[in-house]
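What follows is a set of notes on a single structure, which appears directly below.
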Amino acid sequence: MRLLLTVNAIMLTLSVSGQGIDSLQTDTMKTQNLRDVTITSRRSGIRKVSGVVNGVQINREELFKAACCNLGESFTTNPSVDVSYSDAATGAKQIKLLGLNGTYVQMLTENLPNFRGAAAPYSLDYVPGPWMNSIQVSKGSSSVRNGYESITGQIDIEYLKPDNDEGVTVNLYGGTLGRIEANVDANVHLDDKLSTEVLAHYQDDFGHHDVNHDGFLDQPNVRQWNLQNRWKWKGAHYMFHGGLALVKEKREGGQTHHTAPDAHHLYKIGIETDRYEGYMKHAFILDPEHGTNIAVMGNASMHLLDANYGNKHYSVNQKNVYAQLLFETNFNEHHNLSMGLSLNYDYLTHDDKETTPGVYAQYTYNLNDKIVAMAGIRADHSSRYGTFVTPRFHLKLTPNEIVSLRLSAGKGYRTVHALAENNNLLASGRQLVIDDLEQEQAWNYGISSSFYIPLFGKTLKVNAEYYHTHFSQQAVVDYDSNSSLIRITNLDGKSYSNTVQVDATYPVLKGLELTAAWRWNNVKCTYGGELMEKPLTSKYKGLITASYKTPLGLWQVDATLQLNGGGRMPTPVNGLWDERFKAYEQVSAQITRWFRHFSVYIGGENLTGFRQKKTIISAEDPWSPLFDTTMVWGPVHGAMFYAGVRVNIGRL
């Protein structure tokens, strides 16, 4: 009995943040010695969020299963989030959640909105993988506390913290496509309350690869410097967290040589970015017993981009300021109230700016974690679109330890900065036309269930979910109506997304965990008066991951198989591409050897070697209106191998 009580105490000491975690787990490989008994457990890399909003938390254990050089490469083993190239020339990437583009996912860094407007096309490269402590992916309409923009979900990035264990960690990486990286994180505890941290990153893509011999680089050469300095002060009734960040990046792509005998000069792409950020959080703890506190938080950024796409030039100096005042209290163990004020300011040009103050309230009822209901509403006033109201509701039912059910419904809005968010489309020979766009509006409805089924002495975890997103107003990127244009216009008709996903995880053997998932997408939009499948979107996705760690934790082997379904291509022009693209598979694997103060890893991506053969249309004549870099539906390069080392130097 004493042993059981001790084990239970260990399990219940798990510290959770945000919305919490369903499954009680210990650290990656933590050992407790209890007299003559040794208990060893392994923490799961992806854990279900236990709160009322449906989501998962991706921990460092999961991120270490792949090279994970940046945020865009962190979802390799995740069945819910897809990452793909937006075009075949600039290296711009986009995520997709619930079958829709990442512009409908609200990006957060430690619960503060970030990477808006001009930062969006390349933002997935601005967060180095070794800097991240965890990523929380929430699906559907989320809490109103973080604003009105979440339509299909939120992705919140948690960086390493200044008050983590003191020390210095170095991560070095190199890949066969000509990429090297160096990452350093170091923190110092100046006293028992004040700590500081420095995060540094350098990346150099120097490979000049043209595997399909179309005369264009398969991916641009990128050189990036990234630096953050973070501070934290923690007292009994006051906490401060703040920092500064700098990103400097240079991208160079385009033609490597002439492919047409009458060509006069090469088609080149050059993109230079300077980004500056600052953030702060102040928390005043008024009544710890009832969780009563006031928080003042905010961030500011300046994003300078200067880009050349052939003979087209685009530059912008975007400024964003966000501030929030938050009050929260628990009336008792069943009732929680959160309310606050917010202000968001965006400036891109004199004609593209917006000031939006807002107010919100959110009430949560919790009946012994059996029934949890959260209702929120906010009202905002845009200097461009006037006043609008955002209602959202979530319900979680947990009748027993085996099953839980979640329901959600909510509305979302989004202001479109069309050219800034899609400036990579200037790389196409088509003319880019942008209409006078309305504010986007959409409703999202979801139902999900989780099952924890005892099976052969272990637990089979099964999740099933369905989400429907319906737009009443949308900025539509139309490739179909006119073969010489890419038009961004207001929705005239229907636009919706239906997504069904089922996934299961089971520890087959000691140290071996398998995950299998299947997702089906039905995404349609009206183009030129006709309701059609959304182009360049896979109809389904299958995923199988296997992770094995030896009993002593010295070796770890991870492998992932993805099956990406086919889909519709934009209406073909002069037969230059097919009407549909076919399904394709990808395999990635990594082996890690753990030592006391460092680890060594080697691996490979896209080991099947599959790549889209023709990624650029009319590459032989980049100055013609038929030239198009946006018809990308698959990998732009073949197999890639890499190696790296993570070193924990210890205290300074």
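The values are calculated or read from the model by the stated rules, or taken from the named source; none is laboratory data. Since the structure is predicted, the reported quantities are computational estimates derived from the model, not experimental observations. Virtual Cβ from ideal backbone geometry, glycine too; neighbours counted across all protein chains shown. The protein model used for the area step is the full one, side chains on, heavy atoms only, and it has no ligands, DNA or RNA in it. Shrake-Rupley method; radii C 1.70, N 1.55, O 1.52, S 1.80 Å.
At a glance:
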quantity	calculated
Among the residues listed as Tyr173, Tyr159, Tyr202, the single one being at pLDDT 95 or above and surrounded by 21 or more Cβ atoms within 10 Å (Cβ to Cβ)	Tyr173
Sole exception among (1) open to solvent by 30 Å² or more (accessible area, probe 1.4 Å); (2) of a type in the set (Gly, Ala, Ser); (3) at pLDDT 95 or above for Ala475, by number	(1)
The lone exception for Asp165 - which of (1) open to solvent by 40 Å² or more (accessible area, probe 1.4 Å); (2) acidic (Asp, Glu); (3) touching a residue at least 40 places away in the same chain (Cβ under 8 Å) it fails	(3)
Pair list, Cβ < 7 Å and 6+ apart or interchain, from the range 406-433 residues that are in contact (Cβ under 8 Å) with a residue 60 or more places away in the chain and closer than 30 Å to Asn463 by Cβ to residues that are of a type in the set (Asp, Glu) and assigned to a loop (DSSP other than H, G, I, E, B)	Gly412/Glu149; Tyr413/Glu149; Arg414/Glu149
Condition broken by Gln562, with the remaining ones in (1) modelled with pLDDT under 95; (2) buried (at least 17 other Cβ atoms within 10 Å of the Cβ); (3) not basic (Lys, Arg) satisfied	(1)
Residues of the range 41-68 that turn out to be modelled with pLDDT of 85 or more, part of a loop (DSSP other than H, G, I, E, B) and open to solvent by less than 10 Å² (accessible area, probe 1.4 Å), as a count	2
Hits in the range 182-199 (condition: part of a strand (DSSP E or B), of a type in the set (D, E, K, R) and open to solvent by 10 Å² or more (accessible area, probe 1.4 Å))	Asp185
Residue within the range 94-104 that is of a type in the set (Lys, Arg) and under 11 Å from the mean Cα position of the chain (by Cα) present	yes
Check on His258, at pLDDT below 95 and on the phi > 0 side of the Ramachandran plot	no
Which numbered condition Ser150 fails, given (1) surrounded by fewer than 20 Cβ atoms within 10 Å (Cβ to Cβ); (2) part of a loop (DSSP other than H, G, I, E, B)	(1)
Qualifying residues in the range 405-423 (those that are buried (at least 23 other Cβ atoms within 10 Å of the Cβ) and in contact with a Phe, Trp or Tyr (Cβ under 8 Å, 6 or more places away or on another chain)) - the one farthest from Tyr360 (Cα to Cα)	Asn423
Exclusive hit being open to solvent by less than 80 Å² (accessible area, probe 1.4 Å), touching a residue at least 24 places away in the same chain (Cβ under 8 Å) and either β-branched (Val, Ile, Thr) or not in a strand (DSSP E or B) (or both), set Gly242, Gly207, Gly254	Gly207
Test: residue in the range 186-206 that is of a type in the set (A, V, I, L, M), touching a Pro at 6+ places or on another chain (Cβ under 8 Å) and more than 25 Å from Glu328 (Cα to Cα)	yes
Leading residue by the ranking (most open to solvent (accessible area, probe 1.4 Å)) among those in the range 350-395 that are assigned to a strand (DSSP E or B) and among the charged types (D, E, K, R)	Lys353
Selection count, the range 260-292, where residues are open to solvent by less than 60 Å² (accessible area, probe 1.4 Å) and either of a type in the set (Val, Ile, Thr) or touching an Asp or Glu at 6+ places or on another chain (Cβ under 6 Å) (or both)	7
Elements of type strands (runs of 3 or more DSSP E) contained in the range 485-576, each with 2 or more residues being touching a residue at least 60 places away in the same chain (Cβ under 8 Å)	485-490, 495-509, 512-527, 540-549, 555-564
Filtered residue count, the range 97-138, keeping only those that are in contact (Cβ under 8 Å) with a residue 12 or more places away in the chain, not in a strand (DSSP E or B) and not aliphatic (A, V, I, L, M)	17
Filter pass, Asp156 being closer than 25 Å to Tyr309 by Cα and of a type in the set (D, E, K, R)	no
Among residues of the range 512-539, those that are farther than 26 Å from Leu63 by Cβ, among the aromatic types (Phe, Trp, Tyr) and surrounded by fewer than 18 Cβ atoms within 10 Å (Cβ to Cβ), counted	1
Number of positions in the range 571-626 that are closer than 18 Å to Ala89 by Cβ and either open to solvent by 60 Å² or more (accessible area, probe 1.4 Å) or of a type in the set (Lys, Arg) (or both)	8
Filter result for Ala307 (open to solvent by 20 Å² or more (accessible area, probe 1.4 Å) and out of contact with any Cys (no Cβ under 7 Å at 6 or more places or on another chain))	no
Residues that are in contact with a Lys or Arg (Cβ under 7 Å, 6 or more places away or on another chain) and free of Cβ contacts under 8 Å to residues at least 60 places away in the same chain, drawn from the range 49-75	Glu61, Gly72
